[in-house]
Amino acid sequence: MAKIFKAYDIRGITPDDLDAEAAYRIGRAAARFIGAAMLAVGRDARRSSPELFEALVRGINDEGVDVVDLGLVSTPMVYYAVETLAAGGGIMVTASHNPAQYNGFKICREHAIPIGEASGLLEIEKISAGIASDAPRSTRGTIRSVDVSEGYVDHVLSVGRERKRLKVAIDCGNGMAAVGLEPLLERLELEVERLYFEPDGTFPNHEADPLKLENLRDLVTAVHRIGADFGVAFDGDADRAVIVDDAGVPIPSDLMTGLLARRQLERSPGGRVLYDLRSSRATAEEIEAAGGVAEMSRVGHSFVKAQMREVGAIFAGELSGHFYFRFSPTLVADDGVAAFVVVLDLLASEDRPLSEIVAPLRRYAASGEINRRVSDVGTILETIRSEYADAPVVSQLDGLLIRYPNWWFNLRPSNTEPVLRLNLEADSEPLMIEKRDALLARIGGS
């Protein structure tokens, strides 16, 4: 079962990698590791989710732990439920943006604190390996159903105050975003073009991965067709969102971090905002121009949330489309629908087109993330590090970050395969191309 335990969650192809038996063991192991009296559990609409959910819950109950069944929900709704129901933790049955044949589990502790590889997932893996032979507890846990959708709407509306009547295109990708969005939209005066709102775990229209440009084509077409003020696409479990401006141009999520931080800083002047180390220099510059303290973070939701809690950050964003909010003193969570609410807030306060608002942030030339499969990740990273040892900034916070006054790059290894991921940015397009091509030649691979 080791191959399904990833850095931040559990994920694999069903039933080959992940079946009901594995789900049962994981349910028991997670309940035992967390040690709480009650867990909140939700699921997405994949065809394998009901069976995995039933086995997972049976395992939790066999450990004497009660379950609150949240039904079909998004991952952020599980986080909300864990906090508001005072659950000792939560589990979402989902494979996020992965294709239909995948499924998995996202696990958190109290206050929706994530359990990842460095914070307990390896322990859950060890416990699950031998737990099937253990007899169930003499007193089994109970299960009851709770609908958190209405409270969740108030929860996400709390991150943005100003709204006006706008025209928006929304692509849910047949994922779980619509569960929380529909009751939200009833509370807003918006003209909405709905795309693929029906949860369907076969993803009949396109993959629920908004980072792939081909999955944004229908949204871009809809923005042009109705003359929308902006468009938004969600991933499969709605903890990520990608924004398209009124001209139908996708906005990189690092630039959106800067824009959304502007609104959060108006509510919390001088606050600390985190941005992942792959982000454009424009992101930190925008945060600081808005009076905030910009601080770099590692990539990955468990690292970002831990750092937010440690330093008291009010907001954070990643290049992957995760946007993190401090909903309360104890709840820090990523939420794509909340990001949508802040975009509404931004457009109401600025009263000008989104394309015009973001234009000044598009001042640098970026390579985008480039993946190269290589034979020896460690050797290549060390070689590149030694060749750039005289750079003004050399950081190994997450992979290798090299910064010069007019260009920078980050080279990170994948958590799951022999792949290096390159992000590079420069003051001009010709300089970006020159430095990008030189580095790719040194990295090699395919």
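Results for (1) over 20 Å from R263 (Cβ atoms); (2) in contact with a Phe, Trp or Tyr (Cβ under 7 Å, 6 or more places away or on another chain), shown as yes or no for each residue.
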site: T142; (1), (2): yes, no
site: S145; (1), (2): yes, no
site: Y152; (1), (2): yes, yes
site: V159; (1), (2): no, yes
site: R163; (1), (2): no, no
site: A169; (1), (2): yes, no
site: C172; (1), (2): yes, yes
site: V179; (1), (2): yes, no
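The residues of the stretch 194-236 that are open to solvent by 50 Å² or more (accessible area, probe 1.4 Å) and assigned to a strand (DSSP E or B) amount to a single one, R194. Could you check the stretch 271-310 and list, in sequence order, the residues that are open to solvent by 50 Å² or more (accessible area, probe 1.4 Å) and over 20 Å from the mean Cα position of the chain (by Cα)? Across the stretch 271-310, the qualifying residues are E285, E288, A289, V293. Give the residue, chosen from S328, S349, S320, S268, that is open to solvent by 10 Å² or more (accessible area, probe 1.4 Å), more than 14 Å from the chain's Cα centre (by Cα) and either under 20 Å from G231 (Cα atoms) or of a type in the set (D, E) (or both). None of the others qualify; the one that does is S349.
The set of residues in the stretch 395-417 being open to solvent by 60 Å² or more (accessible area, probe 1.4 Å) and over 16 Å from S279 (Cα atoms) consists of N415, T416, E417. Listed here are the strands (runs of 3 or more DSSP E) enclosed by the stretch 388-446 that have at least 2 residues being in contact with a Gly (Cβ under 6 Å, 6 or more places away or on another chain): 407-413.
Of everything in the stretch 175-191 that is over 24 Å from the mean Cα position of the chain (by Cα) and of a type in the set (A, V, I, L, M), the residue that is surrounded by the fewest Cβ atoms within 10 Å (Cβ to Cβ) is L190.
For the criterion of being under 17 Å from the mean Cα position of the chain (by Cα) and either touching a residue at least 12 places away in the same chain (Cβ under 8 Å) or under 15 Å from L39 (Cβ atoms) (or both), G120 fails. The requirement of being more than 30 Å from D246 (Cβ to Cβ) and surrounded by 13 or more Cβ atoms within 10 Å (Cβ to Cβ) is satisfied by R372. Pairing residues of the stretch 206-227 that are over 16 Å from V192 (Cβ atoms) with residues that are part of a helix (DSSP H, G or I) and open to solvent by less than 30 Å² (accessible area, probe 1.4 Å), at Cβ distances under 6 Å and at least 6 apart in sequence or on separate chains, gives H206/N215; E207/N215; D209/N215. Before we move on, is A112 in contact with a helix residue (DSSP H, G or I) (Cβ under 6 Å, 6 or more places away or on another chain), in contact (Cβ under 8 Å) with a residue 60 or more places away in the chain and surrounded by 15 or more Cβ atoms within 10 Å (Cβ to Cβ)? So A112 passes the test. Being open to solvent by less than 70 Å² (accessible area, probe 1.4 Å), over 19 Å from D69 (Cα atoms), touching a residue at least 40 places away in the same chain (Cβ under 8 Å) and more than 22 Å from the chain's Cα centre (by Cα) is a property that L157 lacks. Checked against (1) modelled with pLDDT under 95; (2) assigned to a loop (DSSP other than H, G, I, E, B); (3) more than 25 Å from the chain's Cα centre (by Cα); (4) not polar (S, T, N, Q), R140 meets all criteria but (1). Could you tell me whether the stretch 105-113 includes any residue that is assigned to a strand (DSSP E or B), aromatic (F, W, Y) and more than 18 Å from D334 (Cβ to Cβ)? No: zero hits. Every listed requirement among (1) among the aliphatic types (A, V, I, L, M); (2) open to solvent by less than 30 Å² (accessible area, probe 1.4 Å); (3) free of Cβ contacts under 8 Å to residues at least 24 places away in the same chain is met by A389 save one, (2). Residue pairs whose Cβ atoms lie under 8 Å apart, sitting 6 or more positions apart in sequence or on different chains, and linking a residue in the stretch 3-29 that is without any contact (Cβ under 8 Å) to a residue 40 or more places away in the chain and open to solvent by 10 Å² or more (accessible area, probe 1.4 Å) to a partner that is of a type in the set (V, I, T) and part of a helix (DSSP H, G or I), are D17/I4.
If the condition is being farther than 17 Å from S128 by Cα and either β-branched (V, I, T) or assigned to a helix (DSSP H, G or I) (or both), then the stretch 1-53 contributes I13, T14, V41, S49, P50, E51. Only a single item in (1) modelled with pLDDT of 95 or more; (2) out of contact with any His (no Cβ under 8 Å at 6 or more places or on another chain); (3) of a type outside the set (F, W, Y); (4) closer than 28 Å to F105 by Cα is not met by R240, and it is number (2).
The values are calculated or read from the model by the stated rules, or taken from the named source; none is laboratory data. Predicted model, so just to flag it, every value in this text is computed and none were measured. Note: ideal-geometry Cβ built from the backbone for every residue, glycine included; neighbour counts use all protein chains shown. Just so you know, the surface numbers come from the protein's heavy atoms only, side chains and all, with ligands and any DNA or RNA stripped out. Shrake-Rupley method; radii C 1.70, N 1.55, O 1.52, S 1.80 Å.
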